[in-house]
Amino acid sequence: MAADNKNKKTIQILQKYTILVAGVVLIALAVNLIYEPMGLVTGGISGIAIVFKHLTEPFLKGGGVPIWLTNILFNVPLFLLAFWMRGKQYVVSGLLGTIIFTLALYLIPVYDLQLEDKLLGALFGGALTGVGIGMIFSVSASTGGTDLLAMLIHDKKRHISAPQILYVIDGVIILAGAMVFGISNALYAIIAVFITTKFSDGILEGLKFAKMAYIISDEYEKIANAILTSMDRGVTGIYAKGMYSNADKKMLFCVVSKKEIVQIIEISKKMDPNSFVIISDVREVMGEGFIEYRQ
């Protein structure tokens, strides 16, 4: 038993770091193949690095300060400050992601895909970044950067939320990109940020998405037994009272996966054509048959 638990834990750790590396590589691909060649500054330390590289091109041979180097130069003081303010445990959670991201930026060559349509570049880059961020956040990791800076500022300005601070920081970076690459590029960068948000939210919500059903019927016992036996899903009976009929009823409550909601409706209507079924979305479910909670 102990050996099985150890093997299971090892597999979980390997899965976590595989997802982390894959997510980081996707973001690095977006930066080196789309954002940097097209001059799209979407915020973050990578956005600062793109601006800094462009500004130093006239002074340095080889095309300015590399993005990976700027990423190190900006993140090192942030992590030192985080270590001083929050301690070792907080720093470790984001340090690995930052190191992997820097290595990916270094190993993946900056290459112009020659995408003439900047809208296509913004959509494709935003999709890559969004999937990458979603994967990284799904394993409770980060790549440091402006996220870390926002948290540190939030520690001193508790009345302002970390997301609000992050929006301001990234907004300033995008504005700097507009000053260097022009307002047109900045507008395309905003489109990329929007797509990034949609894809990352989709990844995170898609992993934990479920459906919730409330079933009101006089045949609640038959419906509950059918769900328990044919679907192997738990059902909870909630005592209720019909305000029109003034009769006591029992309302069934059940949470199932997206694919199973059709079965719930079919069972309810088969057992009682007059049953009243309410369906709603559930963002996250922790428990048997869904997401297992891990400390």
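The values are calculated or read from the model by the stated rules, or taken from the named source; none is laboratory data. Every value quoted in this text rests on a predicted model; they were computed, and no experiment measured them. Cβ sites come from the backbone with ideal geometry, for glycine too, and all protein chains shown count toward neighbours. Note: areas computed on protein heavy atoms with side chains; ligands, DNA, RNA excluded. Shrake-Rupley method; radii C 1.70, N 1.55, O 1.52, S 1.80 Å.
Relative contact order, whole percent, for region 138-188 stands at 24, derived from Cα pairs under 8 Å and 6 or more residues apart.
Just need the relative contact order of the chain here, percent rounded to a whole number, with Cα pairs under 8 Å and 6+ apart.
It comes to 20 percent, rounded to a whole number.
Which of rounded, prolate, oblate describes region 1-142, given a ≥ b ≥ c as roots of the alpha-carbon gyration tensor eigenvalues and a/c under 1.5 marking rounded, otherwise prolate only if a/b is larger than b/c? Judged from the Cα gyration tensor, region 1-142 comes out oblate (a/c at least 1.5, b/c at or above a/b).
Figure the gain on full extension for ASP232 and VAL92 (residue separation times 0.36 nm, minus the Cα-Cα span) and round it to one decimal in nm.
46.3 nm
Of the accessible area of the chain, with the probe set at 1.4 angstrom, what percent is carbon plus sulfur? Summing carbon and sulfur atoms, their accessible area is 63 percent of the total for the chain. The residues ASP170, ASP112, sorted by heavy-atom accessible surface at 1.4 Å with ligands and nucleic acids left out, run ASP112, ASP170 from largest to smallest. In percent, rounded to a whole number, the relative contact order of region 77-174 is 34, using alpha-carbon pairs under 8 Å and six or more apart.
From the residues THR98, TYR188, TYR214, which one has its Cα farthest along the dipole of region 77-231 in the positive direction, the dipole being from +1 and -1 charges on Cβ of Lys/Arg and Asp/Glu about the Cα centre? It is THR98, whose Cα lies furthest towards the positive end. Counting only residues at least eight positions apart within a chain, or on another chain, the lysines with an alpha carbon under 27 Å from that of LYS259 are LYS16, LYS198, LYS208, LYS211, LYS222, LYS250, LYS269, LYS270. Placing dummy labels 7 Å off each Cα toward the beta-carbon, the span from MET212 to ARG158 is 3.1 nm.
Computed from the Cβ-Cβ distance with R0 of 41 Å, the FRET efficiency linking LEU187 to ALA240 stands at 0.20. For the chain, the longest principal axis of the Cα atoms and the long axis of helix 88-107 meet at an angle of about 60 degrees. For the chain, the longest principal axis of the alpha carbon atoms and the long axis of helix 183-208 meet at an angle near 40°. Once you reduce region 27-46 and region 140-184 to the center of their Cα atoms, the two points are 16 Å from each other.
Magnitude of the charge dipole for the chain, about its Cα centre and with charges confined to Cβ atoms of Lys, Arg (+1) and Asp, Glu (-1), is about 680 debye. Exposed loop sites here mean trypsin sites (Lys or Arg not before Pro) with a DSSP loop assignment and at most 14 other beta-carbon atoms within 10 Å; the chain contains its longest site-free run at 159-282. Extension gain, TYR106 to LYS258: 0.36 nm times the residue separation minus the Cα-Cα distance gives 50.6 nm. About the centre of its Cα atoms, region 225-287 shows a dipole size close to 80 debye [charges on the beta carbon of Lys, Arg (+1) and Asp, Glu (-1) only; nearest 20 debye]. Note on HIS159: accessible area approximately 150 square angstrom, rounded to 10, probe 1.4 Å, nucleic acids and ligands left out. Its convex hull of Cα atoms gives region 117-220 a direction-averaged projected area, equal to a quarter of the hull surface, of 10.8 nm². A value for Rg and Dmax of the Cα atoms in Å was derived from the coordinates, and within the list (i) 19.4, 75; (ii) 19.6, 61; (iii) 25.0, 84 it appears as (iii). For GLU57, the solvent-accessible surface with a 1.4 Å probe is about 80 Å², rounded to the nearest 10.
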